[in-house]
Ligand SMILES: [Zn+2]
């Protein structure tokens, strides 16, 4: 099971609130062998009310990026079809529903993942 630092989730929540009513998006890095996510990787993104996108050519090609994160400012933390397309490229993908303050994680196939919170 993947693990994520509690402090990291708090930072993601704060950032998402700061971007509200726009979507906030970033990438997640960490230690693949330990299945640990402990780093936020910021890339230039374009943020809007119903989308956040990034320039694909700015994403490093090495394997330092393990996952993605983005907020849904309104509505539930369900992946859209565009989300599912993005998820295919990364192992762990988080969506935060700001209205419900619910984090959900998905694998490459859009299947929900259980992620362990660690201190
Ligand atoms: Zn989405």
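What follows is calculated from the coordinates using simple rules that are stated; it is not laboratory data. Nothing here was measured: the structure is a model prediction, and the numbers come from that model. When we count neighbours, we look across all protein chains shown, and the Cβ atoms used for this are built from the backbone with ideal geometry, even at glycine.
Miscellaneous remarks
- Among 85, 33, the ranking by other beta carbons within 10 Å of each residue's beta carbon, starting with the fewest, stands as 33, 85.
- Neighbour counts of C-beta atoms inside 10 Å place 41, 92 in the sequence 41, 92, starting with the fewest.
- Potential lengthening between residue 114 and residue 86 on full extension [0.36 nm per residue; Cα-Cα distance subtracted]: 8.2 nm
- Residue order, fewest to most beta carbons within 10 Å, for 95, 4, 118: 118, 95, 4
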